[in-house]
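To start, the structure itself, in structure tokens.
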Amino acid sequence: REDLEKNFDCQIHIHNGSAFFLNGEDCRMGETFPGNNVLSDILLLCLAEIQQHIQKGVWKRQTNEIYVVSEVEFQKILSEVKQKYRSGFTKNYREMPQGEFVKIVEETMERWMFIQKRPLEHQVFILPACGKLKGSYPQNFTGGKEDEQ
């Protein structure tokens, strides 16, 4: 573990049912999250909202460190993030239909292993990685300009 952390500029976090490889600033191994783009910002805002629900005890943690949420409830959270922060998004995300926005965010969260969708059960598994990162806009943030590209 120490050799990996030293040689690759990273931190390794080991938990009961998961392990995380967190790249340092100078580590250039593969694709990293968050990227320098609006979708990464949106995901970080979503992760913050998910963490708030967990901290409030809205959901019960399973023995495998996973939270199980209904599809409808999860999609509602993503919709609320768009509504709350949309002024900070680029024009294409601000004007994107709600269903398309939710679909893109869900697919990206699943790709980064923040969630696992279970369509047959109409559930979303909130995976442990959701607790590792979050984002917010500064308190003095006034929002994006409506004509921004």
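Here is how the numbers come out for the structure above:
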item: Rg followed by Dmax, in Å, when the stretch 38-131 is reduced to its Cα trace; result: 12.8, 41
item: Packing rank of 71-79, 90-98, 108-116, 41-49, where each peptide gets the mean count of other beta carbons within 10 Å, highest leading; result: 41-49, 108-116, 71-79, 90-98
item: Of Lys76/Lys103; Lys91/Lys132; Lys56/Lys117, pairs whose Cα-Cα distance is over 18 Å; result: Lys91/Lys132; Lys56/Lys117
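None of the figures in this text is laboratory data; all of them are computed from the coordinates on show. Note that this is a predicted model, so its numbers are computed, not measured. No Cβ is skipped: glycine too gets one built from the backbone with ideal geometry, and neighbour counts run over all protein chains shown.
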